[in-house]
Amino acid sequence: MTSSTPSHPVSAAASGTWSLGDLTVHRMGFGAMRLTGSAAFHEGVPSDRGQAVAVLRRALELGVNHIDTAAFYFSRLRSANELINSALAPYADDLVIATKVGPARDASGEWATSARPDQLRGQVEENLRQLGRDHLDLVNLRVMSQPDVSEHFGALAELREAGLVRHLGISNARLEHLDQAREIAPVVCVQNRFGIDAPEGREVLDACGADGIAFVPFFSVAGRGRESGAVARTEHAAILTVARAHAASPAQVRLAWILHQGPHVLAIPGTGNPAHLADNVAAGALRLSEEEIRLLDGIGGAEA
């Protein structure tokens, strides 16, 4: 096997495009969560503010036009939404900012009960205020423990009709949640955990592909047990084998595998490190062979 990574300048455009409703984005995007610290939100040390702003601006220079964020992405010192506003406003016309509502945290960072349907407008307005927008491009309802999301999604559909939200999605969802939501309003994306070593829930990925809905995995680079970034991990031998063949990093291999799962699959890796950002974006140009895909599929018992 030989490297198939092009030598031309790094650009998210190499990952291809997909449409979120009437908004077209490059399939390689950016997740803002880690700009505030670790994935545990209020744990760990946030990156330097100036560096976080620089990373966001550099992401756009590299062709990223899809950023994932949330008002509940904050630490003692940083708010992801406010960093995005400081770094990127006034926003480029082609930039799509996706956010989430549903979970609630108090000012100290502790998780409170999830929002009731009648509280979702307040969460949408908080995102609008922090981002400095008059509408949100995409709002995902983060499913907590509720078996039926109809009432919550219905509340968001009303905000869509009122013009506060352009498109709706759903996160941490099972097939029945997707069906419930689609009975109420169009769903343009599903944001679920998925990765080489966490392939559970492939049925949702496949259902999205069949219906032209974007599937947006989270924690796809961290891998199982690495959500907080605090646990040391010995990388899978298969990933290392493929990485060596392409002179690539293990993270790039994980991201390339994600993008191979279907043209409707988008990646939103997050980082506060400029070098890691360029590494992640470059993964959009990495082309894996069918032999390599089969080797990687074996890690989680996934079916290609």
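Converting the Cα gyration tensor eigenvalues of the chain into ellipsoid dimensions via √(5λ) gives semi-axes, longest first, of 29, 22, 18 Å.
The string of couplings for segment 157-165 from the Karplus curve (6.51, -1.76, 1.60, θ = phi - 60°) is 4, 5, 5, 5, 5, 7, x, 7, 10 Hz, one whole number per residue in order, with x for Gly and Pro.
Helices in the chain, meaning DSSP H runs of at least 4 residues, each add -39500 (n - 2.57). Divided by all residues, the mean residue ellipticity at 222 nm is -10500 deg cm²/dmol. Based on Cα contacts under 8 Å between residues 6+ apart, segment 56-187 shows a relative contact order of 21 percent.
Taking the chain as a Gaussian network of alpha-carbon nodes connected by springs under 10 Å, the highest mean-square fluctuation of the residues 111, 257, 18 belongs to 111. Segment residue 57..residue 244, full-extension length gain: 64.3 nm, with 0.36 nm per residue of separation and the alpha-carbon distance subtracted. Taking the C-alpha atoms only, the angle from helix 237-246 to the longest principal axis of the chain is near 70 degrees.
Compute the Rg to Rh ratio over segment 70-166 from the alpha carbon atoms, using the Kirkwood formula for Rh, and round to two decimal places.
Values: Rg = 13.4 Å, Rh = 13.9 Å.
Rg/Rh for segment 70-166 comes to 0.96.
For residue 63, nonlocal amide neighbours, meaning residues 5 or more places apart or on other chains whose placed amide H falls under 5 Å from its own, are 12.
Of all trypsin sites (Lys or Arg not before Pro) in segment 239-304, which ones are in loop regions per DSSP and have a Cβ with at most 15 other Cβ atoms within 10 Å? Could you put the intermediate results ahead of the total?
Working: sites: 244, 254, 287, 294; in loops: 287.
Passing sites in segment 239-304 are 287.
Measuring nothing but how far apart in sequence close Cα pairs (under 8 Å, 6+ apart) lie, relative to its length, the chain scores a relative contact order of 21 percent.
Here each label is just a point 7 Å from Cα along the line to Cβ, and for residue 146 and residue 77 those points are 3.7 nm apart.
Could you tell me what percent of the DSSP beta bridges with both partners in the chain are antiparallel, to the nearest 5? Working shown, then result.
On the way: 7 of 30 bridges.
If I count the DSSP bridges inside the chain, around 25 percent turn out antiparallel.
Sorted fewest first by neighbouring Cβ atoms within 10 angstrom, 73, 91 come out as 91, 73. Relative to the Cα centre, the charge distribution of the chain, modelled as +1 at Lys and Arg Cβ and -1 at Asp and Glu Cβ, gives a dipole magnitude of about 860 debye. Per-residue 3J(HN,Hα) values for segment 11-19, derived from phi via the Karplus relation 6.51 cos²θ - 1.76 cosθ + 1.60 with θ = phi - 60°, read 7, 4, 4, 5, 7, x, 10, 8, 9 Hz in sequence order (x marks Gly and Pro). Kirkwood analysis of segment 251-304, using all unique Cα-Cα pairs, places the hydrodynamic radius at 11.8 Å.
Stretch residue 112-residue 134 to full length: gain in nm at 0.36 nm per residue minus the Cα-Cα span?
On the way: separation 22, 0.36 × 22 = 7.92 nm, distance 2.72 nm.
That works out to 5.2 nm of additional length.
Just to confirm my numbers, what's the Cα centroid distance between segment 114-177 and segment 248-277 in Å? Centre-to-centre distance over Cα atoms comes out at 26 Å.
None of the figures in this text is laboratory data; all of them are computed from the coordinates on show. Just so we're clear, the structure is a prediction, and the values are computed from it rather than from any experiment. Cβ: placed from backbone, ideal geometry, glycine included. Neighbour counts: every protein chain shown.
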